[in-house]
Number of protein chains: 12
Amino acid sequence: MSDSHTYKKIEIIGSSPKSIEDAIKNALAECNKTLHNLEWFEVVDTRGHIVNGEVAHYQVTLKIGMLIQSDH
Amino acid sequence: MSDSHTYKKIEIIGSSPKSIEDAIKNALAECNKTLHNLEWFEVVDTRGHIVNGEVAHYQVTLKIGMLIQSDH
Amino acid sequence: MSDSHTYKKIEIIGSSPKSIEDAIKNALAECNKTLHNLEWFEVVDTRGHIVNGEVAHYQVTLKIGMLIQSDH
Amino acid sequence: MSDSHTYKKIEIIGSSPKSIEDAIKNALAECNKTLHNLEWFEVVDTRGHIVNGEVAHYQVTLKIGMLIQSDH
Amino acid sequence: MSDSHTYKKIEIIGSSPKSIEDAIKNALAECNKTLHNLEWFEVVDTRGHIVNGEVAHYQVTLKIGMLIQSDH
Amino acid sequence: MSDSHTYKKIEIIGSSPKSIEDAIKNALAECNKTLHNLEWFEVVDTRGHIVNGEVAHYQVTLKIGMLIQSDH
Amino acid sequence: MSDSHTYKKIEIIGSSPKSIEDAIKNALAECNKTLHNLEWFEVVDTRGHIVNGEVAHYQVTLKIGMLIQSDH
Amino acid sequence: MSDSHTYKKIEIIGSSPKSIEDAIKNALAECNKTLHNLEWFEVVDTRGHIVNGEVAHYQVTLKIGMLIQSDH
Amino acid sequence: MSDSHTYKKIEIIGSSPKSIEDAIKNALAECNKTLHNLEWFEVVDTRGHIVNGEVAHYQVTLKIGMLIQSDH
Amino acid sequence: MSDSHTYKKIEIIGSSPKSIEDAIKNALAECNKTLHNLEWFEVVDTRGHIVNGEVAHYQVTLKIGMLIQSDH
Amino acid sequence: MSDSHTYKKIEIIGSSPKSIEDAIKNALAECNKTLHNLEWFEVVDTRGHIVNGEVAHYQVTLKIGMLIQSDH
Amino acid sequence: MSDSHTYKKIEIIGSSPKSIEDAIKNALAECNKTLHNLEWFEVVDTRGHIVNGEVAHYQVTLKIGMLIQSDH
C-alpha cells in the first residue's frame, strides 16, 4: 500500500454578480477557510438568477478535489 | 466578494416502505437533526427492494443543497 | 417513520501503481480509518497517470455508501 | 406526405406542497388552459424546496407533447 | 467460483391511473406471476398519457433485478 | 451589443411511414408554415410505431434552431 | 389494479448492407417470428462495419416494446 | 391547487464576440423584450465560431425559466 | 433480407470476491450454461459490497450480445 | 503482449444533401483516401442545415475505428 | 458526391491563469500554428488547478472542428 | 500567453486476453512508440470478445492526454 494517494471530492456552489470566474473564486475562497490541500476543481453546472431581465448572480457548481492521505 | 452565497451539496439516500415522497421526507428529517440551512433537494435516483414480489422499501437518492456562507 | 434507513454517499479517489482493484482497496482502507458502516461502493471513473509511456498510478473514483441511521 | 403527424414538446415545471403526482397535475391543468391536444408527458427532473427541514414544494420538470398537425 | 451470485436485469413498464407507486406495484405484480427471486427495481423513466388535460395513466419504466444463480 | 445573433430552439416530432429522412422533412415542412428563419436541426431521438411486426411510422424528435434577432 | 397495462422492452441489433431503415426492418421481422404484440421501437445506437472503405453493414441497436398484460 | 407555481423553460442561444458572460447577457436582453418574469437560466452548451484561428463569436445555449402562473 | 444478422443483448450482473475480471468470467460461465452464441460483452457498471472496510464482492453489470439469426 | 490489437478512433463529420446514409458514405470515402484499415463507424450525432424550410445538408458525426497494430 | 463537405474534430485542452476565455484562445492559437481551416469549437469540460486555495490555471477541454474536404 | 500549457487527447482501444490492466498497458506501449509526452489516460469503455463462453479479449477504450506545448 506504499506510494498511494487518496483524494476526496466535495460539491460546492459559488455565486457572483460579476462573472463565472468570480463565482469559482468565491467558492474556493470559502472552502479554503476550513479545508486543506485543495488540488483541483471541475465545473459541473453553470446557471444564474435573473432580475429585471439581467443576470443577478452567476451560480457555478463545482466538484473540488482535495488530498486526504499520501504514502510515499 | 460582497453579495455572494456559497452552498454545499451532499448525497443522501432515504428509504420508506410507503412511498417515494415518504422516503424523501425521511432523508430530510434525518439530515435536519445535524445540519442547518437545508434549502433544496434534487432526486438523483429512485429504486427499491423487493420481497415476495412486492415493494419492501422505496430507496430515493437525493442531493441536498445547504447554504454555508452568505455575504450581504 | 419506523423501518427506514438513511445512507450517505461520499466521493473518494484511490490510487495504486498495481491495479484497479488495489486502488479501490486503498481508498476503502483509508475511509475505514475514520468512517463507520461502509456498505457499498460504485466505480464512477477510472483513469491514471503515465510516466515514460507506462502506467505510474491507476486512479479510481468511487462513490462509497454508508449507513447513517436505522430505525427498526 | 399523407399519413403523417407532427408533435411539439414544451418544457414545464409544476409544483405542489403535497406530492409529485400533484405537481404533475398542476402543471397539466395550467397548460390545458391555453394549449390543445396535450397527449403525453415525460418527467425530466424532480426536485423541491426545503423549509425548516421539511418539503415545502415538490418541483417537477415535465416535457409535454402535443399534436400540432395530422394528415390522414 | 465459490461464493458468487449472478443476477439478470429485465426492463418492464408498468402503468396506473392512480400514482407512480401504483404503476411500480402493477409491474412487479405482473412479473411475479412468472418470474422468481425478484430482488430490486430501478426507476429508469417516468412518463404518462394525457386525456382531456388530465393524467390518464402514469407509465413507469423499471429495471428489475433477479437472482439467477447462487454458489455458497 | 453590436454583432450578436440570438437563436431559439424548439422541439418537434415528425413522423412518416417511409423513412427517417421523410419524417424529418415532414416536421420541417410543418414548422415552415408558421415559423421563419429556420436554420438547422438536430436529431434528438428516433423511434417508431410497430403494427403487425412492421414499421408503421418512424417518429423522429428534432430540435430546430431559428434566428430570432441579428445585429450587424 | 384495473385498467393497467404492462410492457416489456428487449434490446435487439439488426443489420443490413442497404440502409438504416432496412436494418430496423430486419430486426423487427426476426423478432416477429417468435414474439407477439410488438408495439414500438427506440433506436439506441447506430453503427456499422467497414470493408474496403465502404459500409459493409449498418448495425442498428433497438429497444423493442411489447405488451405483456392488459386489464380493462 | 392553492400555493402552486408553474414555470416554462425555453431554449435560447446568445452570441458575443467578447465573452461567455456577454453572450448570456445578449440572450437575456433579447428575451426580455417580449417575455416577462424571467427567473433563472441554465447553461446547456458553450461553443463558438472560429475565423483566422481566433474566436469570432462565443455561442452559449441557455435554458431560461420563467414564471407563467402563481397561486397564493 | 439476405446477408443480415440479428443479435440480442441481455443485462447480467456477475460477482466475485477476487477481481473485476473474475466477476465478468463468472457471469459469462453462468450464461453459457443455457445460452448459445455469446459474442461480446460491454461493462455497464462496476460496484461492490463492503464488509469490515474491505471488498466482500465486486459486482459487475454486463450487457452480453448473442447472435440469434444469420442469413448468408 | 502477444495476441493483442490496438485501434484508434477519429471523429469525422460527413455531409450530403441526399440522405443520412449518403453522408456516412461521403465521410468514409474521404477518410479512405489517406487512412488504412478502417474497420467500423459509430454515429455520434445527426443534424442538418435548413434552407427555405427544407433540408439543405444532412450532417452526420461519426467515430471511425481503425486498426493501428496487430500482434499474432 | 457533389456538394459535400467533410470535417474532422480533434480534442484539445487549453489552459490559462486568467480566464476561461483566455484558455480557449490559447488552445486555438496553438492549433492554428499547424492546422488549417479551423471552423468551430465546443467546450467539453471546464476544470482547473488550485494552489493555495486560488485558481492557478483554468483548463478547458475543447473539441475543434476543421474542414478537411469540400466539393462544390 | 505566458505560463500556459496545451494538451491533445486521442482515443485508443487496447486489447488483451489477460486483464483490463494489461489491455491498458498494451495501448500505452503502442502509442509510446510514435508519440511523446503521454501524461494521463481515462477509461471510456470496457468490453470484450467472447469465444466458447469465455473472455477471448478484453477491449478497453482510452482517451490519452499528451502535452503538445508548454510556455513557462
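Applying a threshold of 24 Å to the alpha-carbon distances of I:K25/L:K63; A:K8/H:K63; J:K8/K:K9 flags I:K25/L:K63; A:K8/H:K63 as lying beyond it. Spatially, the range G:1-47 and chain A are offset by 45 Å when compared through their Cα centroids. Applying the Karplus relation 6.51 cos²θ - 1.76 cosθ + 1.60 with θ = phi - 60° to the range C:52-64 yields 3J(HN,Hα) values of 6, x, 10, 5, 8, 9, 7, 10, 10, 8, 10, 9, 10 Hz, where x marks Gly and Pro. Near D:K33, once Lys and Arg are set to +1 and Asp and Glu to -1 for all other residues with Cβ below 15 Å from its Cβ, the sum equals -1.
Between C:T46, C:T61, C:T34, the residue with the greatest mean-square fluctuation in the GNM of chain C (Cα pairs under 10 Å linked by springs) is C:T34. Under the simplified labelling scheme, the D:H49-I:L67 pair shows an inter-label distance of 6.0 nm, with each label point 7 Å from Cα along Cα→Cβ.
Taking a sphere under 12 Å around the Cβ of G:L67 and counting the other residues whose Cβ falls inside, with K and R at +1 and D and E at -1, yields a net charge of -1.
Going by the alpha-carbon gyration tensor, a ≥ b ≥ c the square roots of its eigenvalues, is chain A rounded (a/c under 1.5) or, if a/c is not under 1.5, prolate (a/b greater than b/c) versus oblate? Verdict is prolate for chain A.
Charges were assigned to the Cβ only: +1 to each Lys and Arg, -1 to each Asp and Glu. The resulting dipole of the protein assembly as shown about its Cα centre is roughly 0 debye. Could you tell me which residue out of A:G53, A:N26, A:W40 lies farthest along the dipole of chain A toward its positive end? Charges go on the beta carbon: Lys and Arg +1, Asp and Glu -1, centred on the Cα centre. Towards the positive end, the residue furthest out is A:G53. What is the angle, in °, between the Cα long axis of helix J:20-32 and the longest principal axis of the Cα atoms in chain J? Nearest 10 is fine, range 0 to 90. The angle comes out near 40 degrees.
Is the C-alpha gyration tensor of the protein assembly as shown telling us rounded, prolate or oblate? Criteria: a/c under 1.5 is rounded; beyond that, a/b larger than b/c is prolate, otherwise oblate. Because its axes are fairly even, with a/c under 1.5, the protein assembly as shown counts as rounded. Remark: chain H carries a charge dipole of roughly 180 debye about the Cα centre, counting +1 on each Lys and Arg Cβ and -1 on each Asp and Glu Cβ.
Each other residue within a Cβ distance under 13 Å of C:G48 adds +1 if Lys or Arg and -1 if Asp or Glu, for a net charge of -2.
None of the figures in this text is laboratory data; all of them are computed from the coordinates on show. Since this is a predicted model, take the numbers as computed values, not measurements. Neighbour counts run over all protein chains shown; Cβ positions are idealised from the backbone, glycine included.
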